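Participant: After the structure tokens below, expect a handful of questions from me.
Bear in mind that the values in this text are calculations on the coordinates, not laboratory data. As the structure is a prediction and not an experimental result, all values here were calculated from the model. Using ideal geometry, Cβ is built from the backbone for each residue, glycine included, and neighbour counts are taken over all protein chains shown.
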Amino acid sequence: MTALDPAGVSLAGTAPENFASVEVDPITLRVIGGALNSIAKEMAQILYRMAYSSLIRESEDLGAGIFDVHGRELCESDSTPMHCGSIPAYIRGINRKLAGTYQPGDVILHNHPYHGAAHSPDYGIMIPIFFGGEHVGFAGCTGHVSDIGGNFPGLCMDVVDVWAEGKLLDSVKIYDAGVRNGALIQHILDNVRTPEQNAGDLEALIACARLGERRFTALLERYGLDVVLSAADKWMDYSEEMLRRRIREIPDGSYEAPVSFLDDDGKNRDVPLKVAVTVKVTDGDIVVDLTDSHEQVPTAFNVPFEGSVLPTVASAVRTLLLDEALTEEFVPQNDGCFRPAKAYAPEGTLFNPDFPASCFARFSQINRIFDSMNLALADVLPDRAVAGSSAALCAIAYSGLAADGQSYWVYIEINEGSYGARNGKDGMDCVDALMANTRNNPIEELELNHSMIAERYELRDEPPAPGQYRGGIGSVRQWRMLTDTFIGSEADNRSDPPRGLAGGHDGVAGSFTRNVATDREELLHSKVTQEKCAAGDTLEIKLPSGGGYGDPRERDQDAVLEDVLDDYVSIADARRHYGVVIDPSTLTVDEPATAKLRGR
Amino acid sequence: MKRIGVDVGGTFTDVMYWDEEGAIAVHKVPSTPHDPSLATVDGVRQLADQVGITLGELDQFLHGTTVATNIVLEHNGSDVGLITTEGFRDILHIARKKRPFNYSSYQDLPWQKWQLVRRRNRRVVPERVDAAGTVLVPLDEDAVREQVRVLRDNGVQAIAVCFLHSYRNPAHEQAVRRIIEQEYPGVFISLSSDVAPQYREYERFSTTALNAFVGPKVSGYLHNLSGTTREAGVRGDVALMTSAGGLITTRGAIANPVLLLTSGVVAGLLGGCAIGKASGQPSVITLDVGGTSADIGVAPDGKLRMKHLLDTRIGDYHAMVPMAEVDTIGAGGGSIAFIDEGGMFRVGPRSAGANPGPACYARGGTEPTSTDAMVAMGWLRADSFLSGAMSIQSELAVKAIDEHLAAKLGTTVEHAAIGVFQILAHAMTEAISLHSVRKGYDPRDFYLVAEGGAGPLFAWHIAEQLGIPGVIVPHHPGIASAMGLLATDIRAEIPATVWTSSADPDTDRIAAEFDRLTAQAVEYLGADGLAPEDIVIERSLDCRYIGQGYELRVPAPDGEIDTDWVARAAEAFHTVHERTYLQRFDDKPVHLVNVRVTAIGKVGHVPLAEIDTGGTDASEAVKASTEAVFWTRDNQSQVFATTVYDRALLKAGNELAGPAIIEQFDSTTIIGPGQHATIDKVGHIIIETATTREGDQR
């Protein structure tokens, strides 16, 4: 890895010179903007509705869009934030090897985490788009496949390097000028544990990119290259301008997040990993400086800088400053959104590892960057920032040998998290947080497909973090294995729990427990590698609950009563944390006693 | 047969009468939101007087209502209790754990902010059935009794019963029903195995809870209505439109009100199908444009398409019931145009609504709307708006456009007005395209039916943009939904999950489920008074490739269910998959997930009556000559001499050349420059678009 510019780098690209910039009237501009948005949306729909991997189809762990020859994003689907913004890096990855060699009919597969991939299981498919005989851009998409043939099924943690995490595919043409390279595709599928699923997912990814190619070509035929790319440029400038306007409202300065720690690296159990985030705001630019975060680790728990850190910073900036629920205008996702959002991490650290360190499991770390940026800016963005959220990603891969004794089954589940409380609202319960935004798999589908049975899936029993606005509540699941099963996980249970804000209490840590409430009960680490669960064992998964916001004694007493009636908070805790006295016989607020206790 | 259809909308209640001669009569009265049955009965009485019949002569009373829809959208349903499997108290609270917005920490999760069932009323009981329907934990009836008493004491008005895998084995849910009936007689009960007997617990539970949420109020309304109509002397029972585009009886609607949730928009699509059929064009795309939104439907060969499972929502909630594919976008006559802070030209989705309304209404609105743009372009004329019943001030429209748009863009009022129209029209074009060409249907095979007050203002342009050969503007564009009611069959659809593979199909189970569902559906319609010979059975399948997550609906092949039948079913699926996703995988096994039986009780339909015939010359209907703004091929505004016609005076066979404006009481039709229109024998305006002809000068 070459050293990064300490002033920060972004995902934004430079404009290519393959078109002439022309004036576009406001109506055509709107029409082309709408068309680009629809193309991206339609691409994503086709991908997740026809995909096989539950990560793509249920979790929508995918991205799709149209890009220029330099990988500048013209439009991208609104699927999961983690994928939005990683595709430009994939394109720069393949351009370094293939620029100048593209031909109509090429289909390129790429997953190299040191050359732009978000991480190796996120296969990227790129199709060069030609117009009038010239290469004018790319249709690209990414999706998380179930297994890529590494040391362990589905997920990995304790592996020595990038080759052990899975098969690397660096800019390979699986179609060359329209000719399918069947031998290569067979080789790829022969070396994964889920060949049928991956085959279906590859077809879905190709169908998605081809659709983008077809739609974008139709747009070019209608309006011409110069008009379409000039309009795209205008939209990029627009998104950039909307974002910079908000950034300029923040006083210039350097804002440090409270230092926090990740549980461990999945191997060295007594070494928590430091995350240090400083947000520097200068004249409409935001640079996230990760200096002083932990050095790189000897497991898969490192983060690809370009494919994962940069999209995270861009998403966090966008969320904080153009929160979709608080912003009337639809600001399209494109290269302009990347321009003001920069990051820096020194070489050889957790967030900028040196090749060939493995960096398969990166989500908990990047979610912590997002959470920390939010906490760093809480004082200057009091109506935008929220208390600490679960800010981890609890992915668990269940796997085993199928009944035939030869093939594998692999099932990857992304467990939800919860949000910290907001200024004026309680935190969101049981929902994917920050960079994650995936759907759960129906329990009934799980039981129809796999030898597992659900015993519990509900809100945790532990009370939410107190505050004037309380933290969101995490969930608890309990699965029983009906056959011998291997478990791999990448998670962070937040042994350093989500932070409260403005007097709100800290959130609640999560946990994994095998055979809970039996004499064989055993607490597992948040990151496990090929952990065996015998048939009949159970796994209990508790997800962290977010922090509270504001002094709990300021919480509306009726809201406290509601929480008691809904079994979130006990009568004793209502008194202890909130200063609200509830009469246990009538289940009403004892107003005089409450006023007295609250000192009013 | 004398039939009357009543469609209750937010502002107006539309009533339409259609007799055995094919004659139609229409009437419009203001809606009465506090008790919609009042306007319904008033409107029916007035129309009956108008056509000179007594209510006792009516054979059928057909009703489209948004009562259930409004309860959901306004979050004011009943207090609901839930009895569910122990360990799974919060399925409705967790939902699919994906937030609606990606980039937002301040959003609300609708299912948590407006809960269908509050947590205190979500009660668990020991019981468990596995995926094969085997009982793992027997139902603890004492616990059920205790929890029902808790719910009764908490004062819930409805109870939803939702157990895991109950679509496979409903015995436990049925046992709970018996206990509720003993412990809390009269409370509204909703079982998930009745309401949505398909796998996917969140969607099934949510559908069932929604059913309970709207149930007590909807059944109260329907009891009222059928009582009132009976007293008024109407012979037949009231039949209601479902989201799937069929009619169900009051009895069916009271048991399953969740079926009514999107019926309003579907009726418009069905009306479009009937209108297209009357003009000899069975394949239609419907465009219904009102004040705040536009509904878009696509019906190849006059058949409705059902929504994908992921799209069957109402407001913020998921409902796993069949819903016809109709898309609603925020684009209408009241959509507000503005230049945002980044300098971008925007129209909608914010709407001026009825109050203050467009600037030209002079009710205090100052922001320009799409109606103002059409006034500024001369399409809507001040002196004939709503036949002069409402005065509009065109100078206010011009002022609003000038100040808020033209000045900021540095252009003329005319050009800015064109922009407002084209941006909105483009949003509609995109939506139609998404549901037609992008689903494998070629718009050139369709006619566009213009509905709603504003649909005929947009249709001429949108058809041209999409290459649709023609536009049909019916007599009464504003009441196409009421027409849809009168052109519909009685339908009942019942699904069952079979979960079997084409590689190793359980044909016995498929056959048994089809038989069971068919018997159930026939019995159901029989109870509504339909004879078996009047019932047609349609069978369909929800299929996917083994390992995929979402099904596509496929018509089931005819014939005995054997391996050959399965092969034909698989072939049908490959075809649908290819049309939908552009690819087919012939060597991959097909997963037959659900079977569905739809029983259709055919209602005798009569053709529309023909109107007086005239020559090609329409000059007798000319009302005025005016100047209106359209645009040139390079999108520059240009003033055209434009003829204004009176709709009521047009005769079959008349031919009109664009640009032209055709005015009628509640709607205005535009024929664009270079376009031609004819009046067909039933009185529909058929606009032929310029795209289909050589020598287009525009």
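Participant: At q = 0.04 Å⁻¹, what log₁₀ I(q)/I(0) does the protein assembly as shown have when each alpha carbon counts as one equal point scatterer in the Debye sum?
Facilitator: Summing over Cα pairs of the protein assembly as shown leads to -0.23.
Participant: If you don't mind, there's one more thing I want to ask. For B:ARG118, which sequence-distant residues (separation of 5 or more, or a different chain) have an amide H within less than 5 Å of its own amide H, given hydrogens modelled in the peptide plane?
Facilitator: B:VAL80
Participant: Note down the relative contact order for the stretch A:101-224 as a percent, whole number, built from C-alpha pairs under 8 angstrom at least six residues apart. Spell out each step's value before the answer.
Facilitator: Values: 212 pairs, mean separation 37.0, N = 124.
Over the stretch A:101-224, the number comes to 30 percent.
Participant: Another question about this same structure. Find out how many positive minus negative residues lie around B:ASN355, taking Lys and Arg as positive, Asp and Glu as negative, among other residues whose Cβ is under 15 Å from that of B:ASN355. Numbers along the way, then the final one.
Facilitator: Numbers: positive: B:ARG350, B:ARG363; negative: B:GLU367.
Taking every Cβ under 15 Å from that of B:ASN355, the sum is +1.
Participant: Going by how many other Cβ atoms sit within 10 Å of their own, how do A:LEU561, B:LEU225 line up, fewest first?
Facilitator: Details: A:LEU561 20, B:LEU225 24.
With the sparsest Cβ surroundings first, the list reads A:LEU561, B:LEU225.
Participant: I would also like to ask the following. Name the residues whose placed amide hydrogens come within less than 5 Å of the amide hydrogen of B:HIS63, ignoring near sequence neighbours (fewer than 5 apart) on the same chain.
Facilitator: Those qualifying (amide H under 5 Å, at least 5 residues apart or on another chain) are B:VAL6, B:ALA239, B:LEU240, B:MET241.
Participant: Relative to the longest principal axis of the C-alpha atoms of chain B, give the angle of the C-alpha long axis of helix B:413-435, reported between 0 and 90° and rounded to the nearest 10°.
Facilitator: Taking Cα atoms only, the helix is inclined about 30 degrees.
Participant: Right, something else. Just how far, in whole angstrom, is the stretch A:334-403 from the stretch B:370-448 if you go by their alpha carbon centroids?
Facilitator: Cα centroid to Cα centroid, the span is 45 Å.
Participant: Still on this structure, please answer the following. Please compute the contact order of the stretch B:417-503 in relative form: average sequence separation of alpha-carbon pairs under 8 Å and at least six residues apart, divided by the residue count, as a percent. Write down the numbers at each step before the final one.
Facilitator: Details: 67 pairs, mean separation 22.3, N = 87.
Rounded, it is 26 percent for the stretch B:417-503.
Participant: Could you line up A:ASP567, A:ASP61 from fewest to most neighbouring Cβ atoms inside 10 Å? Present the calculation step by step, with values, prior to reporting the outcome.
Facilitator: Numbers: A:ASP567 14, A:ASP61 30.
Ascending number of Cβ neighbours within 10 Å: A:ASP567, A:ASP61.
Participant: Now for a different question. How much mean residue ellipticity at 222 nm does chain A get from its helices, if each DSSP H run of length 4 or more adds -39500 (n - 2.57) and you divide by all residues, to the nearest 500 deg cm²/dmol?
Facilitator: Values: 14 runs with 168 residues, N = 600.
That comes out to -8500 deg cm²/dmol.
Participant: Among DSSP bridges having both ends in chain B, what percentage is antiparallel? Round to the nearest 5. Please report the intermediate quantities before stating the final value.
Facilitator: Details: 87 of 123 bridges.
The antiparallel fraction comes to roughly 70 percent.
Participant: Return the whole-Å distance between the Cα centroid of the stretch A:134-155 and the Cα centroid of the stretch B:120-139.
Facilitator: 40 Å
Participant: Considering the stretch A:26-239, what Rg and Dmax in Å follow from its alpha-carbon atoms?
Facilitator: For the stretch A:26-239, the Cα radius of gyration and maximum Cα-Cα distance read 16.7, 55 Å.
Participant: Report, by chain and number, residues whose modeled amide H sits under 5 Å from the one on A:PHE138, excluding near sequence neighbours (fewer than 5 apart, same chain).
Facilitator: Here the answer is A:PHE67, A:ASP68, A:ILE129, since their amide H atoms fall under 5 Å of that of A:PHE138.
Participant: Just to check I understand the Karplus step: with θ = phi - 60° and J = 6.51 cos²θ - 1.76 cosθ + 1.60, what whole-Hz values come out for the stretch B:260-266, glycine and proline as x?
Facilitator: 8, 4, 10, 5, x, 6, 5
Participant: Quick one: net charge around A:SER86, please, counting Lys, Arg +1 and Asp, Glu -1 for every other residue with C-beta under 15 Å from its C-beta. It would help to have the intermediate numbers written out before the result.
Facilitator: Values: positive: A:ARG72, A:ARG92, A:ARG318, A:ARG362; negative: A:GLU60, A:ASP61, A:GLU73, A:GLU76, A:ASP78, A:ASP122, A:GLU306, A:ASP335.
Net local charge, A:SER86 excluded: -4.
Participant: Another question about this same structure. Nearest 10 degrees is fine. How inclined is helix B:507-527 to the longest principal axis of chain B, computing both from alpha carbons?
Facilitator: Roughly 70 degrees, rounded to the nearest 10.
Participant: In whole angstrom, how far apart do the alpha carbon centroids of the stretch B:202-259 and the stretch B:580-598 sit?
Facilitator: If you average the Cα positions of each part, the centres end up 33 Å apart.
Participant: Moving on. From the backbone phi of the stretch B:94-106, what are the Karplus-calculated ³J(HN,Hα) couplings (6.51 cos²θ - 1.76 cosθ + 1.60, θ = phi - 60°) in whole Hz, Gly and Pro given as x?
Facilitator: 7, 6, 9, 6, 10, 7, x, 9, 6, 9, 7, 9, 9
Participant: Please list, in order along the stretch B:238-255, the HN-Hα scalar couplings obtained from phi with the Karplus expression 6.51 cos²θ - 1.76 cosθ + 1.60 (θ = phi - 60°), rounded to whole Hz, x for Gly and Pro.
Facilitator: Per residue, the Karplus-derived 3J(HN,Hα) values read 7, 10, 10, 7, 9, 5, 8, x, x, 9, 10, 7, 4, 4, x, 6, 5, 6 Hz.
Participant: State which helices in chain A qualify, where a helix is a whole DSSP H run, it must extend 18 Å or more along its own axis by its Cα atoms, and its mean Kyte-Doolittle hydropathy must be at least 0.0. Don't jump to the answer; show the numbers that get you there.
Facilitator: On the way: long enough: A:26-50 (36 Å, 0.57); A:195-223 (42 Å, -0.31); A:225-248 (34 Å, -0.48); A:363-376 (20 Å, 0.14).
Helices meeting the span and hydropathy rule in chain A are A:26-50, A:363-376.
Participant: Around A:VAL227, with a cut-off of 14 angstrom between Cβ atoms, what is the net charge of the other residues, counting Lys and Arg +1 and Asp and Glu -1? Display every interim value, and only then the final one.
Facilitator: Details: positive: A:ARG30, A:ARG222, A:LYS234; negative: A:GLU23, A:ASP25, A:GLU221, A:ASP226, A:ASP233, B:ASP634.
Residues near A:VAL227 contribute -3 overall.
Participant: For the stretch B:288-368, how big is Rg over Rh, using alpha carbon atoms and the Kirkwood form of Rh?
Facilitator: 1.12
Participant: Remind me, relative contact order of chain B in percent, using alpha carbon pairs under 8 angstrom and six or more residues apart? Provide the component values of the computation, followed by the final result.
Facilitator: Numbers: 1585 pairs, mean separation 79.8, N = 698.
In percent, rounded to a whole number, it is 11.
Participant: Right, another one. With 10 angstrom as the radius, rank B:TRP114, A:TRP409, A:TRP235 by how many other C-beta atoms surround their C-beta, starting from the fewest.
Facilitator: On the way: B:TRP114 16, A:TRP409 21, A:TRP235 26.
Going from least to most buried by this count: B:TRP114, A:TRP409, A:TRP235.
Participant: Given the -39500 (n - 2.57) contribution per DSSP H run of 4+ residues, what per-residue ellipticity at 222 nm results for chain B, rounded to the nearest 500 deg cm²/dmol? Could the numbers behind the result be given before it?
Facilitator: On the way: 17 runs with 212 residues, N = 698.
Roughly -9500 deg cm²/dmol at 222 nm, from the helical runs in chain B.
Participant: On a 0 to 90° scale, report how tilted helix B:563-581 is relative to the longest principal axis of chain B, with both axes built from alpha carbons and the result rounded to the nearest 10.
Facilitator: Computed tilt is about 40 degrees.
Participant: What would the Debye equation give as log₁₀ I(q)/I(0) for the stretch B:490-601 at q = 0.09 Å⁻¹, counting only Cα atoms as equal point scatterers?
Facilitator: So the normalised log intensities are -0.24.
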